[in-house]
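I have placed the structure first, in the form of structure tokens, so that the comments after it can refer back to it.
The values are calculated or read from the model by the stated rules, or taken from the named source; none is laboratory data. Nothing here was measured: the structure is a model prediction, and the numbers come from that model. Neighbour counts run over all protein chains shown; Cβ positions are idealised from the backbone, glycine included.
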Amino acid sequence: MDSLPWMARTERDVHLHDPQTLYRHWEDEQWSPFAIDLTADAAGWKDMTGEDRALVHWALSSLMVAEERITTKFSGLVGAYGTEEEATFLATQQVDEARHMQFYARFQDEVIADPQTISAHVERARKQLSPAFSEIFDKALVGAHERLVGAPADRGAKVDFVTTYHVVIEGTLGLTAFNFIARYLERESQLAGFVEGYSKIHHDEQRHIAYGTWFLREAVRDDPAFGDNVRQTLRALLPAVAQALTPPDREGTDWDALGASSDEIRDFALSGLSRRLNIVGVPLDSL
């Protein structure tokens, strides 16, 4: 499931679609968060029991909080565009993130809880999450966004933000979460409406990650010193990423969740990260 249709499988010399091409893809791939039937999900959620229900609830809480953060902490990148083509693509990503937040909020309204404001859903969901999650989304992402808003012409600040957002959050946490949550729900024939919406979100995020990979490769090609920005950001955040992927009440490094082992989850996350870093020109073993 961790594949990018906008790039080939070779690495450093791979063809990456530029922002204008990605914008055209966006125009052809519209969907509505209110068009997906969640009727069966509401009944199915009530029938779910035990530890797996608790794990799915934790995963959905993570998605709710993450989407609120990445929707509201993105405008700085739109303002830091390099060309008009890049500006228009980045504007589509902000629309995507708002759409994703609306879908998760609707799922909370109609399946998990009573209808409430998005902020109320986020506040409730936060109680499920670990300090590592806050380290990534409330500190690192917010800090990188504030620096970029304060200096939109600073390309180093833009590299830092894109590494945090597109590489760490979407490309590592996001793709890994989708692979194992969707696989579990499909195998168990549960929450089909959620899986449909989540799959559309995943498709959007592949397009976003393609942009981030393109931008970072161009930045590092123009000035190899920006590779140090990528390395520094990853060194700071990867320990928190490992912790954020660990479900609550799990100790140590050897555990199972939703039918997957901790080794399988870590290997999936690191293999995808390694492929994208090779394309960028900052191999994982250079960190």
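Say we look at the stretch 257-283 and pick out the residues that are farther than 19 Å from GLN243 by Cα and in contact (Cβ under 8 Å) with a residue 40 or more places away in the chain; which of these is surrounded by the fewest Cβ atoms within 10 Å (Cβ to Cβ)?
To start, the set of residues in the stretch 257-283 that are farther than 19 Å from GLN243 by Cα comprises 275-283.
Okay, now just the ones that are also in contact (Cβ under 8 Å) with a residue 40 or more places away in the chain, so 275-282.
On the way: ARG275: 20, ARG276: 25, LEU277: 25, ASN278: 16, ILE279: 21, VAL280: 25, GLY281: 18, VAL282: 23.
Among those that are farther than 19 Å from GLN243 by Cα and in contact (Cβ under 8 Å) with a residue 40 or more places away in the chain, it is ASN278.
Give the residues of the stretch 241-258 that are within 17 Å of the chain's Cα centre (by Cα) and either modelled with pLDDT of 95 or more or β-branched (Val, Ile, Thr) (or both), sorted by residue number.
VAL241, THR246
Within the bounds of the stretch 190-205, is there any residue that is of a type in the set (D, E, K, R), closer than 23 Å to ASP267 by Cα and touching a Gly at 6+ places or on another chain (Cβ under 8 Å)?
Within the stretch 190-205, the subset of a type in the set (D, E, K, R) is 196, 200, 204-205.
Among the residues that remain, those that are also closer than 23 Å to ASP267 by Cα are: 205.
From the residues that got through so far, the ones that are touching a Gly at 6+ places or on another chain (Cβ under 8 Å) too are 205.
Yes, that holds for at least one residue.
Which of the residues that make up the stretch 246-256 are touching a residue at least 24 places away in the same chain (Cβ under 8 Å) and more than 18 Å from LEU185 (Cα to Cα)?
Listed by number, the residues that qualify are THR246, PRO248.
Considering only the stretch 139-180, how many residues are surrounded by fewer than 17 Cβ atoms within 10 Å (Cβ to Cβ) and either under 12 Å from ALA240 (Cα atoms) or among the small types (Gly, Ala, Ser) (or both)?
Within the stretch 139-180, residues that are surrounded by fewer than 17 Cβ atoms within 10 Å (Cβ to Cβ) and either under 12 Å from ALA240 (Cα atoms) or among the small types (Gly, Ala, Ser) (or both) number 6.
Which condition number does ARG106 fail, the rest of (1) more than 16 Å from GLY193 (Cβ to Cβ); (2) among the basic types (Lys, Arg); (3) buried (at least 16 other Cβ atoms within 10 Å of the Cβ) being met?
Every condition holds for ARG106 apart from (1).
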